[in-house]
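Engineer: Please find one structure pasted underneath; my questions will follow.
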Amino acid sequence: MSANEFNIHNDVNQLMKLLEIEESVIDGVTADSIAEALAKSVDQKSKTRGAKDTFVRSLEAKSDPDFRNKYEDLKIHNVIELDPLVHLLARVHDENKIKFLLKLQTKSKRSKHRSPTDQTDAISPSHPSTSSGDRHPFYSTMNQRMSALDVNELRDELSDNRNVFTKANKELSAKKKDKRKSSDWKFLTFDYQFNDWSQEETIRPLNTLSVAEQESALIEDLLFVLIGIEGKYIRLQPLKDKPNKHDIIVDKTGDELLYTLAARVTALCPYFSQIIHFIDTIDTGLVNQSLVAAMRAQIKDFFTLISQLETQHRKNDLTLQKMWYYLQPSFTNLAILKDIASKVSKSNSIGGAALSILHEKTISLTGNTKAQEFCLALTKKASEPYFEILETWIYEGIIDDPYKEFLVEDRANESDEIVLDDLFWENRYEVVRSRIPVFFERHSDMIMKTGKYLSVIRNCGRKISRPHSPEPLAYTTEERAYIENIESAYKFASKELLHLLVDESDLIGRLKSIKHYFFMDLGDFIVQFMDLAGDELEKEIDDIALNRLDSLLELSLRTSLMNSDVYKDDVRIELLPDSLHSQMVQILNIGVNCIKDPNLSIAEPYVLKGAEALALDFQVPWPLSLIISRKNITCYQMLFRHLFYCKYVERQLEEVWKGNKIAKRYTLNAVTGYGQAFALRQKMLNFVQNLEYYIMLEVIEPTFHQFLEYVQTKVSSVDDMMKSHEDYIQKCLRDAMLTSGELLRAIVQLLRLC
């Protein structure tokens, strides 16, 4: 059967359904006979190339005076098949028999909406009602009023206008599909539904057909069942343990071999059903939407295959064995799709989790080349949105993730004002482990840092020039293919941020300035500050005016060598509520690397004085605060407090030495008893001075020079810079004996005793 003949058969069936006309073999009015008559006129030249003015004038005069205006309006809007439709209307209007037929059909439709009593009364005595097993009452009445010749004339009229009804049929089918309305043919979406065949046509038992007819009937059913439409001999049966679920049952009354072949083919139906259910229900996440789009494409290819099989069937060139052979690739592909759909649905996976399922399925198919290539193409298509988000992140430092699928989450709300400090680095971005695809597991931290570096640069007002990438990132089982691009992007981002910190923000200059203030290597300002603020430092911390100390510090800086330092205005005085010993004990209890809040207080046996509570603070601007964070400033403060208290004790001992000079006024015999006290004072002074010398010259100086040398020669990334800075501070704390509780306790007791 050619494509045109098939279209005619389809149009006739649809038209008879729309007109609610049943076939009658006795009267010779069947879909096949009408289609054959119509097919004879297909090759004839159409009589309706254009709507003749006579047709328009005729309808205008006999039917509707405003018909010409309506016709011209439709013509302006380029309505398809307008001229054949006008021709049809004019011919129908001239045929009294056809008009009478349409009137009868209208009355039949109205009678359906009446009560049973009204319907009985409406039937003419000469045309008694038929039983449920007879033909439709309307068709019986029509048959009695119209001869076979009248029916043939109607066929000829409909044949000339086949395209009009074909287009209307397609539009109607599209609307029904889009709105998903229930119809006589039930599409299977996960839970199968029954199809009521009682309103269709009488189904002959399968065992009454010949073997060839049985095979043709089963193939016809399979072509529908494979796309979710229940057949005549392949039906649905509810499962006993699951009333809402159904199984597909093939009629066993026919040939046993044909039954076996048909039953094997129906095994494909549950795959199709679950895939359609997944497509209809899953719409969350860009990855899942892309996966659904890929599945739709595969289902479209499957429909194309079914159409090709149907074409062969219409040509009587298809057997069940051939169908089984042609469907073999579909069994493999739909099984893969069904397995993926089932896992994604049950785990409610989106984003990276869904890609992990796809990746694991692809890897599991190693050895089956065609199946793996199919799954690889599916995974590549589904991963496109994820890789687009990844590219935006590692090349621009922006997260465009509306469904929270990406492995890095921006924890800042859009309404929140961005505060540029070290907490931005620590808290804003977070790696969500549940969203990491398995093929990115080893590189998730690198991906996170790459985008974070670029985000810092963007927040500094710098434009980011996206590096040239040979091709867009795409999924592949060979991870190295895209890992190289990620590593390249990481190196680029790290290099750009390191250049911004070291060269443009003068990181080394800041570190040297911090060393001058906190480690007192240019300590003349401390001597002047102690001279100016000696009285204040003797007071208890509650009695000290902090603003006065700030003023004295500023005066000391401007009258010392530090006046030439460009960062002197960033130094501030701070009074801490805990002594150095209490602060270090608190830190040692939780670990040096886990400093959370340096201001947590521990009860002291006495009220702190200014000399023990005093500390310096240093304001570090963004983005240098990424390297010199508040935690690092706290460590610098502890070293400063230790050194400052040593300087303060040394100064007190020197004041005692000055007071002891009064002994020169007396004779040697008179001051003999003070000899041991003088010796003890000198030992104390030697101890304090040697302790200062050790910390400043044996610990801080060489460590700082090693740090600077490493930064200038070996640091190639921001991570290296941060790690080397952390190591430098920790080494200073450890070698200065501040990280050992016992040593620190002994030193503090000695200094207090001094």
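The values are calculated or read from the model by the stated rules, or taken from the named source; none is laboratory data. This is a predicted model, so every value here is computed, not measured. Backbone-built Cβ (ideal geometry, glycine too); neighbour counts: all protein chains shown. Note: areas computed on protein heavy atoms with side chains; ligands, DNA, RNA excluded. Shrake-Rupley method; radii C 1.70, N 1.55, O 1.52, S 1.80 Å.
Engineer: Which whole-number value in Å² is the accessible area per residue of the range 507-753, probe 1.4 Å?
Structural biologist: 49
Engineer: To continue, here is another question. Points 7 angstrom from Cα along the Cβ direction at Glu504 and Asp66: gap in nanometres?
Structural biologist: Taking the two extended label points, one gets 7.2 nm.
Engineer: Still on this structure: In whole Å, how far is the Cα centre of the range 442-467 from that of the range 704-754?
Structural biologist: 30
Engineer: For His705 paired with Trp657, estimate the spin-label separation in nm (one decimal), with each label point 7 Å from Cα along the Cα-to-Cβ line.
Structural biologist: The modelled label-to-label distance comes out at 2.7 nm.
Engineer: Note down the net charge around Met684, summing +1 for each Lys or Arg and -1 for each Asp or Glu among other residues with Cβ under 15 Å from its Cβ.
Structural biologist: Residues near Met684 contribute +2 overall.
Engineer: Cβ under 14 Å from Ser513's Cβ, Ser513 left aside: what net charge do those residues give with Lys, Arg +1 and Asp, Glu -1?
Structural biologist: Net charge around Ser513: -1.
Engineer: Check which residues have an amide H placed less than 5 Å from Glu230's amide H, if you skip close sequence neighbours.
Structural biologist: For Glu230, the qualifying residues are Lys186.
Engineer: Taking 0.36 nm per residue of separation and subtracting the Cα-Cα distance, what length does fully extending Val527 through Ala412 add?
Structural biologist: Taking Val527 through Ala412 to full extension adds about 36.8 nm, to one decimal.
Engineer: Ordering Asp617, Asp521, Asp503 by accessible area with a probe of 1.4 Å, largest first, what comes out?
Structural biologist: Reading off the accessible areas and sorting them downward yields Asp503, Asp521, Asp617.
Engineer: Right, something else. Using a ≥ b ≥ c from the Cα gyration tensor of the range 380-504 (square roots of the eigenvalues), is it rounded, prolate or oblate, where a/c under 1.5 gives rounded and otherwise the larger of a/b and b/c decides, a/b for prolate?
Structural biologist: Verdict is oblate for the range 380-504.
Engineer: So for the pair Lys17, Asn316, with labels modelled 7 Å out along Cα→Cβ, what separation do we get in nm?
Structural biologist: Distance between label points: 2.7 nm.
Engineer: Shifting gears a bit: On a full-extension model of 0.36 nm per residue, what is the gain between Lys343 and Leu305, subtracting their alpha-carbon distance, rounded to one decimal in nm?
Structural biologist: Residue separation times 0.36 nm, minus the Cα-Cα distance, leaves 11.0 nm.
Engineer: Continuing with this model, one more query. Which whole-Hz couplings ³J(HN,Hα) result when phi for each residue of the range 306-321 is put into the Karplus expression 6.51 cos²θ - 1.76 cosθ + 1.60, θ = phi - 60°, listed in order with x for Gly and Pro?
Structural biologist: For the range 306-321, the Karplus-derived couplings read 4, 5, 5, 5, 5, 4, 5, 5, 5, 8, 6, 10, 10, 10, 5, 5 Hz, x marking Gly and Pro.
Engineer: How long is the gain from Asn207 to Arg745 if the chain were fully straight, where each residue apart is worth 0.36 nm and the alpha carbon distance is subtracted?
Structural biologist: Residue separation times 0.36 nm, minus the Cα-Cα distance, leaves 183.5 nm.
Engineer: If you don't mind, there's one more thing I want to ask. Show me the trypsin sites (Lys or Arg not before Pro) within the range 669-754 that DSSP assigns to loop and that have at most 10 other Cβ atoms within 10 Å of their Cβ.
Structural biologist: In loop regions of the range 669-754 (DSSP not H, G, I, E or B), the sparsely surrounded trypsin sites (Lys or Arg not before Pro) are Lys714.
Engineer: So which GluC sites (Glu not before Pro) in the range 333-414 pass both tests, a DSSP loop state and at most 10 other Cβ atoms within 10 Å of the Cβ?
Structural biologist: Answer by residue number: Glu414.
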